[in-house]
1. What full-extension length gain, to one decimal in nm, is calculated for residue 208 and residue 137 as 0.36 nm per residue of separation minus the Cα-Cα distance?
2. Calculate, for residue 23 and residue 301, the FRET efficiency according to 1/(1 + (r/R0)^6) with r their C-beta to C-beta distance and R0 22 Å; round to the nearest 0.05.
3. What label, among [x] 40; [y] 46; [z] 37, belongs to percent of Cα pairs over 29 Å apart computed from the structure on display?
4. Once the Cα atoms of helix 246-257 and of the chain are each reduced to a long axis, what angle between those two axes, in degrees from 0 to 90 to the nearest 10, is obtained?
5. How many nm separate the modelled label positions at residue 128 and residue 38, each set 7 Å beyond the Cα in the direction of the Cβ?
6. To the nearest 500 deg cm²/dmol, what mean residue ellipticity at 222 nm is calculated for the chain from DSSP H runs of n ≥ 4 alone, each contributing -39,500 (n - 2.57), summed and divided by the residues?
7. In a Gaussian network model over the chain where Cα atoms closer than 10 Å are linked, find which of 121, 97, 79 has the largest mean-square fluctuation.
8. List the residues of region 230-261 whose backbone N lies under 15 Å from a point placed 7 Å from the Cα of residue 308 along the Cα-to-Cβ direction.
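Computed from the coordinates by the stated procedures, all read-outs in this text should not be read as laboratory data. Predicted model only: the values in this text are computed from it and were never measured. Here the Cβ is made from the backbone with ideal geometry for all residues, glycine too, and neighbour counts use every protein chain on show.
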């Protein structure tokens, strides 16, 4: 297979690059800056906005998995929110335009999206989790910050940019991804683990808000599943089937690292801490209770469906990555 990964230099891109190369696929990464990647991965420059020589890589490719977009791990200033919006919309539109111009287009286009598209779970009157069929799209919840609505607007326009692309010969799937947990440095698991080890990983604002998550292994397995299933298109929730309240998420993470100290935090403390760390408290305060209805209905089985054993597995792998090897 030949698989093209626009924006494939980040955390999820690393997961997919390693997996596809290990299975003998030809992997091409499109990014704005040249980087040294794994052996077997070709790197091609693009600007994420305009058509160029990179479009030749789409000719005869089996799949495109578009991961491009500015990281959400930043302060949600007006400028950063606009950049989040523009980077996602522009890259999605130009990928669609490139596919539309290809004589032998990819048979499937998986487009990254986000579970943030759904409303804060505490606003649901029926106390149900959001799946693709019955999920409530956010943007009109009472008593939430205005910029949370902007995050939903970004997600909606992101998906609409793919849906509007004229690619009749290419199946489109929108991956509404939850927090992807991997043992790699710099990811959300690494960030939360640091909090747990330092003793500041207690409940935030009571800890009742839900966290939807997915183990990196299951991201790879779900992507491979969706590449193979020609009958699945449209939005697909990319998350484990058992979201957990934030207090339970951190409790099990502390246990995985052997830490017992747990200092709780108010919402104001969370906002201050997020500001110091250069990110935003929405990632901790919004209740994301999302379940993978379509994947489960299609027969997909999760290797890591529950958080406690998943956290133990991830912490074990993280220790191995951080342990220096001895030679001689």
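1. Numbers: separation 71, 0.36 × 71 = 25.56 nm, distance 2.06 nm.
Gain in length upon complete extension: 23.5 nm.
2. On the way: r = 19 Å, r/R0 = 0.87.
Computed FRET efficiency for residue 23 and residue 301 comes out at 0.70.
3. Entry [z].
4. Taking Cα atoms only, the helix is inclined about 90 degrees.
5. Here the modelled spin labels are 3.9 nm apart.
6. Working: 10 runs with 125 residues, N = 328.
Calculated mean residue ellipticity at 222 nm is -12000 deg cm²/dmol.
7. Residue with maximal mean-square fluctuation among 121, 97, 79: 79.
8. 242-245, 247-258
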